[in-house]
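One structure below.
The values are calculated or read from the model by the stated rules, or taken from the named source; none is laboratory data. Just so it is clear, the model here is predicted, and its values are computed rather than measured. Virtual Cβ from ideal backbone geometry, glycine too; neighbours counted across all protein chains shown. The protein model used for the area step is the full one, side chains on, heavy atoms only, and it has no ligands, DNA or RNA in it. Shrake-Rupley method; radii C 1.70, N 1.55, O 1.52, S 1.80 Å.
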Amino acid sequence: MRNTSQNNRKLVIESAAFGLGYSAVLIWVGSALVASFTDYEAFPYWPAIPHLRTDTSGVIAFGISLISLAVSRYLQLRRRNSGPVVPVARSAGVLAVQAAAETAAVLATGMVIYLSMNAVTHPFTLRLQLTHLWPWPSEGTVRVIGLGVCLIAVAVSRYLRASASRPGQAAAAAENADVKANVAA
């Protein structure tokens, strides 16, 4: 019989790969916008890493998104191919975490898109503080923080959605038969 912790590890990998791929797509889109509509692609994507140009960040992000999203989708398809699933009752706390993660993913995505558009229209503001109320962080730093929030929020949301069901009895019986056949062989 397949180990539940092994299934959870695979689901964590699937979810983390999806979160990474999602965030990398945002980096790539922002870099593509800068390269398409300005002459600032040679500027750093994030001023805290001054030698990493925006165009180079976009190319790296495209490659990461390609690999991460393909791995995530493959693992998702393998998981879904196991047969029908049965919904699992969730506690109020788990539902609250899922609601917070999904909300954070949407809001952080909007923030990253907005700050990426700022990089297109007036890139000099990426080095400026976000608000006059605090000396830190800069717009560029907030954009990177938003990408981190997207990565975590999308991964957590994917994990919680996927773990909200378990294989049905028919799928579990087929899985047990596969394991017994492998042990006998």
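A few points about this structure:
- Placed amide H near residue 130: partners under 5 Å, 5+ positions off or other chain: 138, 139
- Relative packing of 86-92, 158-164, which averages over residues the other C-beta atoms within 10 Å, highest first: 158-164, 86-92
- Carbon plus sulfur fraction of accessible area for the chain, probe 1.4 Å, in percent: 69
- The order of the peptides 131-140, 144-153, 66-75 by mean Cβ neighbours within 10 Å, most packed first, is 144-153, 66-75, 131-140.
- As a length-normalised measure over Cα pairs under 8 Å and 6 or more apart, the relative contact order of the range 78-146 settles at 24 percent.
- Using a probe of 1.4 angstrom and keeping all protein chains present, the accessible surface of the chain works out to 60 square angstrom per residue.
- Rolled with a 1.4 Å probe across the full set of protein chains, the surface gives residue 55 an accessible area near 50 Å².
- Interatomic Cα distance distribution for the range 1-81, bins of 5 angstrom, percent: 3, 17, 19, 17, 12, 10, 8, 6, 4, 2, 1, 0
- Stretchable slack from residue 78 to residue 49, in nm (0.36 nm times residue separation minus alpha-carbon distance): 6.6 nm
- Mean ellipticity per residue at 222 nm, deg cm²/dmol - from DSSP H runs of n ≥ 4 across the chain, formula -39500 (n - 2.57): -25000 deg cm²/dmol
- Segment residue 145-residue 103, length gained on full extension (0.36 nm per residue, minus Cα span): 13.6 nm
- Amide H contacts of residue 85 (H built 1.01 Å from N, under 5 Å, at least 5 apart or other chain): 168
- Global geometry of the range 108-153, whether rounded, prolate or oblate, following the gyration tensor of its Cα atoms and the 1.5 cut on a/c: oblate
- Computed E for residue 66/residue 114 - FRET, C-beta separation, R0 25 angstrom, nearest 0.05: 0.50
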